[in-house]
1. If I compute solvent accessible area with a 1.4 Å probe over the protein chains, what percent of it on the chain is carbon and sulfur?
2. Filter the cross-link list LYS45/LYS83; LYS83/LYS211; LYS83/LYS253 down to pairs whose alpha-carbon distance in this structure exceeds 22 Å.
3. Compute the accessible area per residue over the chain, keeping the other protein chains in place, probe 1.4 Å, unit Å².
4. On a full-extension model of 0.36 nm per residue, what is the gain between GLN241 and ASN40, subtracting their alpha-carbon distance, rounded to one decimal in nm?
5. Let me know the volume per residue of the alpha-carbon convex hull for the stretch 70-122, in Å³.
6. Let me check I have the definition right: for the chain, take the eigenvalues of the Cα gyration tensor, multiply each by 5, take square roots. What are those semi-axes in whole Å, largest first?
7. According to a simple spin-label model (label point 7 Å from Cα along Cα-to-Cβ), what is the distance in nm between ILE294 and ASP55?
8. Using the Cα centre as the reference, give the magnitude of the dipole from point charges on the C-beta atoms of the stretch 1-62 (Lys, Arg: +1; Asp, Glu: -1; all else neutral), rounded to the nearest 20 debye.
Amino acid sequence: MMEDIATAFPAVTILRHEPLAHYTHTKTGGPADYLAFPTNIQETKSLLAYAKQSDLPVTVVGNASNLIVRDGGIRGLVMILTKMNTITTDGNRVTAAAGAALIKATQVAQAHALTGVEFAAGIPGSVGGAIFMNAGAYGGEIKDVVVAAEILTPEGEIRTLDHDELDFGYRHSSIQDYHDIVLTATFDLKPGDAEAIQAQMDELNARRAAKQPLDLPSCGSVFKRPEGHYTGQLIQEAGLQGYQMGGAQVSMKHAGFIVNIDHATATDYLDLIGHIQAVIWKEDAVKLETEVRIIGEAPTK
């Protein structure tokens, strides 16, 4: 199969049995059978069609920031879209390809004196990932600024979804329900003052750096915020800050984060997540739901 897929797409980088730990922000995760880096929409569409024809399951990831890949890896074809990273502006609108860094999109907006997306200045995900999960921080969410997204359906059709069709909710969008692939997203912003926008971005990034363990590998915020509670506070009060399983540790800086401090595996992460959920349920009768996306197969014993 590898020869076929490589021959069929000579212009696309395609790796075989590639450890996804090389790409995830946790530095964990098993191998992808085939890992492709398409550079444009046509390549993505053609790879999807080829995989469908070959009965290869397809998994798409952005820049693998808010993601845990199990140690058994992912069967079939994995596409990482980070080479699809163009960002353009038209009046008050910024259109970014799915693989563009969300942080880069905020910088382009600032350079054009466009305000509204400052809240995302430190979110480490890709634009596609941000649409997928309606990323948010500091009182803002992607749903507040997105007007449309161009998507590729599992059937291979390219469509444009407007804001309402994206059906945004807390850490949710219709992309999750229908398994579409985000190709581009368009943000509708407002004219502002470039210096004031930069000052706000700097302030939010300073707050993030002061509170979050940015110096260690992590998957970002692990759990959704339960109604009426703060996740980090619950974990702290349960005495779990600093708790470690294998090489994964509840961050000493922010208890809502799990950091890789000693060659952790994805299994270490998942064991620790399960332990936290069990303890918080027992102590507080609060069900912690994961915000991080968990994909792939368990390792074979």
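1. The C+S portion of the solvent-accessible surface of the chain is 50 percent.
2. Violating the 22 Å limit, Cα to Cα: LYS83/LYS211; LYS83/LYS253.
3. 46 Å²
4. 68.0 nm
5. In the stretch 70-122, the Cα hull volume divided by residue count equals 97 Å³.
6. One finds semi-axes of 30, 27, 16 Å for the chain.
7. Modelled inter-label distance: 3.0 nm.
8. Using Cβ point charges on Lys, Arg, Asp and Glu, the stretch 1-62 gives about 200 debye.
The values are calculated or read from the model by the stated rules, or taken from the named source; none is laboratory data. The structure presented is a predicted model; accordingly, all values stated were derived computationally and were not measured. Positions of Cβ are backbone-derived with ideal geometry, glycine not excepted, and every protein chain shown enters the neighbour counts. Quick note on the areas: whole protein, heavy atoms, side chains included, nothing else; ligands and nucleic acids left out. Shrake-Rupley method; radii C 1.70, N 1.55, O 1.52, S 1.80 Å.
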